[in-house]
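Working notes for the structure below.
The values are calculated or read from the model by the stated rules, or taken from the named source; none is laboratory data. The structure displayed is predicted, hence computed values, not measured ones. Here the Cβ is made from the backbone with ideal geometry for all residues, glycine too, and neighbour counts use every protein chain on show. Calculation scope for accessible area: heavy atoms of the full protein, side chains included, ligands and nucleic acids excluded. Shrake-Rupley method; radii C 1.70, N 1.55, O 1.52, S 1.80 Å.
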Amino acid sequence: MTLLGLLLVGVVGVWIWLETQPARDEAQARMALRKNVEVLRDRLGEAAADGSLPDTEIAQVFPPSKPGKGLVGVTRQGEAVTVVAEVLGQGSPRTFITVYHRMVTGCYAFEVPPPAPGASRPSIRELPQEACATAPAALPGSDRQDQQSHDPKIPMP
């Protein structure tokens with residue numbers, strides 16, 4: 001009887017562990033998403049450190065990574081720049097019959113302040129997913145150094 005009780009506890013424990021695995025995978029993918037956003041903010045800050053931020057440099061910082069679109073739009077207000085991008089977060093691979101990755105995307109606005117001595121690094125705002133879902137990619141392949149681009153579907157403050 002004790003052996004059957006231990007077997008039942010073991011089966012229930014494994015069942016609970018398997019049922020909660022998707023939530024753990026998603027949490028890990030969201031953590032990777034937050035880390036990717038931080039890395040992109042730092043790279044955007046480095047690109048803007050010289051006092052100019054042409055669209056070609058912005059496009060290099062935000063490459064598309066399926067299913068994330070990458071760069072979605074750029075808005076310039078004076079010397080301040082707001083970049084909207086869809087970023088991908090990917091969890092570690094799981095193998096059970098097939099190999100799969102849990103992936104999540106998020107839409108973010110990176111606000112780069114005007115160049116000034118002691119200027120702060122870019123700030124980040126999370127946007128609703130719809131802000132990135134309806135906007136086409138704005139800049140890949142642009143030849144102009146300082147193209148003005150704005151998608152009116154993306155609400156900017």
Cβ contacts < 8 Å: first residue farther than 17 Å from Ile58 by Cα, restricted to the stretch 79-98; second residue acidic (Asp, Glu) and modelled with pLDDT of 90 or more, any location; separation 6+ or different chain. Result?
none
The condition from (1) farther than 19 Å from Ser120 by Cα; (2) open to solvent by 40 Å² or more (accessible area, probe 1.4 Å); (3) part of a helix (DSSP H, G or I); (4) at pLDDT below 90 that Asn36 misses is numbered (4)
Can Arg34 be described as more than 20 Å from Val112 (Cβ to Cβ) and of a type outside the set (Phe, Trp, Tyr)?
no
Restricting attention to the stretch 43-64, report how many residues are open to solvent by 70 Å² or more (accessible area, probe 1.4 Å) and modelled with pLDDT of 85 or more.
3
Condition check for Cys107: buried (at least 20 other Cβ atoms within 10 Å of the Cβ), at pLDDT 85 or above and either farther than 20 Å from Asn36 by Cα or not β-branched (Val, Ile, Thr) (or both):
yes
Exactly one of these conditions fails for Leu18: (1) surrounded by 12 or more Cβ atoms within 10 Å (Cβ to Cβ); (2) over 24 Å from the mean Cα position of the chain (by Cα). Give me its number.
(1)
